[in-house]
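First up is the structure itself, then whatever we jot down about it.
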Amino acid sequence: MKDWQPTASIATLEVRATMLRAAREYFAATRALEVETPTLSANAVTDIHLASVSATVCGKPRYLHTSPEYAMKRLLAAGCGDIWQICRVYRDGESGRWHNPEFTLIEWYRVGIDHHALMSDVERLISTMLPPSKYFDSAERLTYREAVQLHAGIDAFDDPIPVLIARLESAGIDVPQSIRGDRDACLDLIMSTLVGPQLGRERLTFVYDYPASQAALARIRGPVASRFEAFLDGIELANGFHELGSANEQRARFLADLAERERRGLPTVPIDERFLAALEHGLPDCAGVALGFDRLVMCAIGAHHIDEVIAFPFARA
């Protein structure tokens, strides 16, 4: 294959177009407003697991968004109601079988529902977008604790860190010294290596009620976060929340992220004060989710690498 040519076949690009058309028809039928928000922002995400791509525009520092979440929540606070968009997003350092630094997200928010109702919405959308050959029965739903117990044989909430490390090493997985004192990092490694690849093998699987320490932008209920992820064919497709509406709590989480960034020697990034002001004004009770569209196309055609479903991935951009 010559370097100028697309890595995705024309037939695959036609599948992409068909799936995107199905998404637009679904959201129109369910009365969600399609919106557009800026790709460039004066602020970046504080999440220690995400690296924003920086740029200088008109002499001012800017960041390419890792997701449209903050801007979309500003629209929700302004009274838009149910909203959705298809957008290109950017994450530095993410390249490999399942990752391209520039990729396509479908992100949407429903007002007046929680993460359980949103899981049903995600299931309906995915069923609508996939070709008939990928039909599956009703989705499986497991709590985070149930999923880790079923596929790794440990208690994600009660077993101590040495047990988590021993389980990983028993499977031949190297545990870096840098995470051996970090419970959540060990759990993330267990989820990515032992649990996630086993999920969604016969049908879509939702894992919900993550540990509260992994809440991100979700509400917390005691020891768990109102958060879910969706898996199909062992691939994580979507991450959703019953959204946190407290500006004070959100600021506290941002500041905790920045402190952890400093501890790890990661770049300090500016907090999105406009987003926090929108929360202060009032975010309606809502749930939201981001769906990795390229990965869903991989599932639709049985692709083994994300380059197979993108016309021009990073290496050919």
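The values are calculated or read from the model by the stated rules, or taken from the named source; none is laboratory data. These figures come from a predicted structure and were not determined experimentally. We place every Cβ from the backbone using ideal geometry, glycine too, and count neighbours over all the protein chains shown. Heads up: the accessible areas ignore ligands, DNA and RNA and are worked out on the full protein's heavy atoms, side chains in. Shrake-Rupley method; radii C 1.70, N 1.55, O 1.52, S 1.80 Å.
Data for the structure
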quantity	calculated
Heavy atoms of ARG221 accessible to a 1.4 Å probe, total area in Å² rounded to 10	100
Rounded if a/c under 1.5, otherwise prolate or oblate - the stretch 29-138, Cα gyration tensor axes	oblate
The stretch 1-77 shape via C-alpha gyration tensor axes, a/c threshold 1.5	oblate
Centre separation in Å (Cα based) which lies between the stretch 123-140 and the stretch 5-23	18
Listed residues THR205, THR193, THR268 arranged by accessible area, highest first, probe 1.4 Å	THR268, THR193, THR205
Accessible-area order (highest first, 1.4 angstrom probe) of the listed residues GLU94, GLU273, GLU102, GLU14	GLU14, GLU273, GLU102, GLU94
Solvent-accessible area per residue for the chain (1.4 angstrom probe, square angstrom)	47
For the stretch 214-263: rounded, prolate or oblate by the Cα gyration tensor [a/c cutoff 1.5]	oblate
Tail weight of P(r) past 27 Å, computed on alpha-carbon pairs of the stretch 164-317, percent	40
Rg/Rh for the chain, where both radii come from Cα atoms and Rh is the Kirkwood radius	0.95
Neighbourhood charge, 14 Å Cβ-Cβ cut-off, centred on SER9 and excluding it, Lys, Arg +1 and Asp, Glu -1	-2
Rounded percent of accessible protein surface that carbon and sulfur make up, the stretch 222-317, 1.4 Å probe	54
Exposure ranking of ASP182, ASP294 by accessible area [1.4 Å probe, largest first]	ASP182, ASP294
Computed over the stretch 200-297: relative contact order in percent, which uses C-alpha pairs under 8 Å that are six or more apart	26
Amide H contacts of LEU217 (H built 1.01 Å from N, under 5 Å, at least 5 apart or other chain)	none
The chain, helix-only ellipticity at 222 nm - DSSP H runs n ≥ 4, -39,500 (n - 2.57), divided by all residues, nearest 500	-10500 deg cm²/dmol
Most mobile listed residue (ILE179, ILE301, ILE190) in the chain, GNM with C-alpha springs under 10 Å	ILE179
Residues of type lysines that LYS73 reaches as a straight line, Cα spacing below 30 Å, ignoring anything fewer than 8 places off in the same chain	LYS60
